[in-house]
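Engineer: Okay, handing you the structure first.
The values are calculated or read from the model by the stated rules, or taken from the named source; none is laboratory data. Computed from a prediction, not measured in an experiment: that's the story for all the values here. Cβ coordinates were reconstructed from backbone atoms using ideal geometry, including for glycine residues, and neighbour counts include every protein chain displayed. SASA here: full protein model, heavy atoms, side chains in, ligands and nucleic acids out. Shrake-Rupley method; radii C 1.70, N 1.55, O 1.52, S 1.80 Å.
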Amino acid sequence: MKQFKNLIFDIGEVLIHLDFPHTIAEFQKLAVVDFAEIISYSREHKVFDRFETGHLTAQQFRNELKAFFKPNVTDDEINTAWNSVFSAYPEKKFDLLKDLKLRYRTFALSNTNEIHVAAFNREVETKFGVKNFETFFHHAYYSNEMGFRKPEQEIYELVLNKENLIPSETFFVDDLAENVESAKELGIQAYQLTDRNKLHDLLADLKII
C-alpha cells in the first residue's frame, strides 16, 4: 500500500455537496431567456473560466451575466443564485479533515471564484465556528488566486513546487476524471470520487484513515 505524506482535496462534490439543478433553477428565475442560452454563451466566451482564473472581478462577472437577466436584478440576487449550488457541508467530513491535518500535510485545491470562496468561508464560520475554510488545511489553493484551473497542469505544478511535495507521496482526490488524469500525468497519486458519500471508504481502502 502506498505511503502518503500529503493529501490534496477538491472541494465541490468531494467535501461540500453541490446541487447544480437547484442553482440553474434559481438563475432561471432571474433570466429573460432560457438559462441554457446563458450556459452556451458562457462556454463560448469562457465567462466562468475567466472568473475562476481571476481574470474577471465579481462585479465584472455579474455585469456580464446581467445581459440575460430581467431589468433591475441586483448583485445580491445574482450572488444568492450563484451560491445556491452549495447544498450541504457534512459535519463528518469536516471532523475528518481536522483529524487528517494532525497526521498529514493537507491542502485544498479547487476551481472556484471570489463569490464562492466568500460564501463557504461564511458558512463554515457559522456551522463550525472556525475563521475560514482554509482553517481545515495547511493551505487552501483557489484557482481564482492562482491564475490557472484544473485540469491545467500548471495549477498542480504550482502546488507541488510551492509546498515542496513529492508527487509519489501525494494523494489527490477529485470528482472529475479529467482533473484526476491530468494530476496522474505528473506522478501524483490521484483518485476519482464518483460518489460523494464514499470519501471515507476511499480513504479507508487506501489506509489513509
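Engineer: Which one is farthest from Glu163 (Cα to Cα) among residues in region 91-131 that are open to solvent by 40 Å² or more (accessible area, probe 1.4 Å) and either outside any helix (DSSP H, G or I) or in contact with an Asp or Glu (Cβ under 6 Å, 6 or more places away or on another chain) (or both)?
Structural biologist: Gly129
Engineer: Can you find, within region 62-81, the residue that is farthest from Phe137 (Cα to Cα) among those that are assigned to a helix (DSSP H, G or I) and open to solvent by less than 30 Å² (accessible area, probe 1.4 Å)? Working first, answer last.
Structural biologist: Narrowing region 62-81 to residues assigned to a helix (DSSP H, G or I): 62-68, 75-81.
Next, from what is left, pick out any that are open to solvent by less than 30 Å² (accessible area, probe 1.4 Å): 62, 65, 68, 78, 81.
Working: Arg62: 30, Leu65: 33, Phe68: 38, Ile78: 29, Ala81: 28 Å.
Restricting to residues being assigned to a helix (DSSP H, G or I) and open to solvent by less than 30 Å² (accessible area, probe 1.4 Å), the top hit is Phe68.
Engineer: Take the residues in region 25-52 that are at negative phi and open to solvent by 80 Å² or more (accessible area, probe 1.4 Å), then tell me which one is modelled with the lowest pLDDT. So that I can check it myself, show each step before the final result.
Structural biologist: Initially, region 25-52 is screened for residues at negative phi, giving 25-45, 47-52.
The next check asks that each one be open to solvent by 80 Å² or more (accessible area, probe 1.4 Å); those that pass are 29, 32, 34, 37, 43-45.
Numbers: Lys29: 96, Val32: 95, Asp34: 91, Glu37: 82, Arg43: 77, Glu44: 74, His45: 80.
In this case the residue turns out to be Glu44.
Engineer: State which residue is nearest to the chain's Cα centre (by Cα) when the search covers only region 1-24 and only residues that are open to solvent by 70 Å² or more (accessible area, probe 1.4 Å) and under 30 Å from Leu100 (Cβ atoms).
Structural biologist: Phe20
Engineer: Restricting the first residue to region 113-125 and requiring it to be of a type in the set (A, V, I, L, M), which pairs with a second residue that is not in a helix (DSSP H, G or I) meet a Cβ separation below 6 Å and a spacing of at least six or different chains?
Structural biologist: Between residues of region 113-125 that are of a type in the set (A, V, I, L, M) and residues that are not in a helix (DSSP H, G or I), the close pairs are Val117/Tyr142; Val124/Val130.
Engineer: Name every residue in region 150-209 that is among the aromatic types (Phe, Trp, Tyr) and closer than 22 Å to Asp49 by Cβ, in order of residue number. Don't jump to the end; show me each part of the working.
Structural biologist: So the first thing to find is which residues in region 150-209 are among the aromatic types (Phe, Trp, Tyr), and the list is 156, 171-172, 191.
Listed by number, the residues that qualify are Tyr156, Phe172.
Engineer: Also, quick follow-up: Could you give every pair whose Cβ atoms fall below 6 Å, whose first residue belongs to region 1-25 and is of a type outside the set (Asp, Glu), and whose second residue is surrounded by fewer than 14 Cβ atoms within 10 Å (Cβ to Cβ) and not in a strand (DSSP E or B), counting only separations of at least 6 or pairs across chains?
Structural biologist: Met1/Lys207
Engineer: Okay, next question. Which one of the conditions (1) among the small types (Gly, Ala, Ser); (2) within 23 Å of Lys93 (Cβ to Cβ); (3) not in a strand (DSSP E or B) does Ala140 fail to meet, given that it meets all the rest?
Structural biologist: (3)
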